[in-house]
Amino acid sequence: MGFIVAIDGPAGSGKGTIAKLLGERLNLTNIDTGAMYRCIALQMLRNNIGLNEEEKIKDILDNADIVLKSEESEYKVYLNGEDVSLAIRSEEVSNFVSPMSKLQIIRDKLIDLQRKTAENADIVMEGRDIGTNVFPNADVKIYLDATPEERARRRVKQNMEKGLESDYNTVLEDIKARDYRDSTREIAPLKQAEDAIYLDSTNLTIEEVVEKAIEIINNSK
Ligand code: DC
């Protein structure tokens, strides 16, 4: 097992951006676990599979080859060889993935995959349950947070940069609903690990958050 930095936090808290920059600066392999859940959601939507169709879900899980790659400065997600980096960010996928991600068979499979990726590498892994569940013994645990309003602003801006249209109020409502579902579900709810360091990014620039995260990492070495 290599060196593991676990970053958890709600949607739009900046986990993706921060994990990417930490990966580049500290030479860590960056694993976006939300992208894995999104790949399965996309595949279920494309095949019209409902949340209670266990056999069909199993089949999807057995046949999903998910590859996450940092290519130049872009983070790419491939599903069975297809570049789905953009498709997995649609609102349809965002709304489906949250209720879907509470299914135990999906979590078991993806957590297994997440643990395997860390076998031979130093990693920064971001998600909802990395410090609490996937790697309870991670070398560093950071819980990244921001107010729902700030997170909605960021998500709208991020979508715009990707050429996706979105409405601030709709995004804000979606974020609040997703926070509620992610933190109240029975299986692996979103919560701060007892030994995680809380980092509020609401009033910080990206650079300031990265600097604080590097300081936290250096202090725990
Ligand atoms: O980080 P994200 O918004 O791309 O994550 C998409 C969804 O996947 C989110 O609603 C919660 C779920 N998820 C999870 O349950 N566990 C993780 N480790 C990562 C994401």
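The values are calculated or read from the model by the stated rules, or taken from the named source; none is laboratory data. What you see is a predicted model, and the numbers here were worked out from it, not measured in a lab. Reconstructed Cβ throughout: ideal geometry from the backbone, glycine too, with neighbour counts over all protein chains shown. Just the protein is used for accessible areas: all its heavy atoms, side chains included, with ligands, DNA and RNA removed. Shrake-Rupley method; radii C 1.70, N 1.55, O 1.52, S 1.80 Å.
Considering the conditions (1) in a helix (DSSP H, G or I); (2) surrounded by 13 or more Cβ atoms within 10 Å (Cβ to Cβ), A188 is excluded by exactly one of them, (1).
Checked against (1) within 23 Å of L164 (Cα to Cα); (2) out of contact with any strand residue (DSSP E or B) (no Cβ under 7 Å at 6 or more places or on another chain); (3) not hydrophobic (A, V, I, L, M, F, W, C), E53 passes all but condition (1). Only one residue in G23, G14 is within 16 Å of the ligand (Cβ to nearest atom) and on the phi > 0 side of the Ramachandran plot. Which one? So the residue among G23, G14 that is within 16 Å of the ligand (Cβ to nearest atom) and on the phi > 0 side of the Ramachandran plot is G14.
One line per residue, one yes/no per condition, for (1) without any contact (Cβ under 8 Å) to a residue 60 or more places away in the chain; (2) charged (D, E, K, R); (3) farther than 18 Å from A19 by Cα; (4) surrounded by 13 or more Cβ atoms within 10 Å (Cβ to Cβ):
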position: R155; (1), (2), (3), (4): no, yes, no, yes
position: N159; (1), (2), (3), (4): no, no, yes, yes
position: D179; (1), (2), (3), (4): no, yes, yes, yes
position: A196; (1), (2), (3), (4): no, no, no, yes
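Based on what the data block shows, is R89 among the basic types (K, R) and modelled with pLDDT of 95 or more?
Details: among the basic types (K, R): yes; modelled with pLDDT of 95 or more: no.
Judged against the criteria, R89 is not a match.
Tallying residues that are open to solvent by less than 10 Å² (accessible area, probe 1.4 Å) and either near the ligand (Cβ under 10 Å from one of its atoms) or among the β-branched types (V, I, T) (or both) within region 132-146 yields 3.
When restricted to residues that are farther than 17 Å from D179 by Cα and among the polar types (S, T, N, Q), region 83-113 contains 3. For region 98-131, name all the residues that are open to solvent by 10 Å² or more (accessible area, probe 1.4 Å), outside any loop (DSSP other than H, G, I, E, B), within 22 Å of K69 (Cα to Cα) and touching a residue at least 40 places away in the same chain (Cβ under 8 Å). Once the filter is applied, which keeps residues that are open to solvent by 10 Å² or more (accessible area, probe 1.4 Å), outside any loop (DSSP other than H, G, I, E, B), within 22 Å of K69 (Cα to Cα) and touching a residue at least 40 places away in the same chain (Cβ under 8 Å), region 98-131 yields K109, L113, T117, E126.
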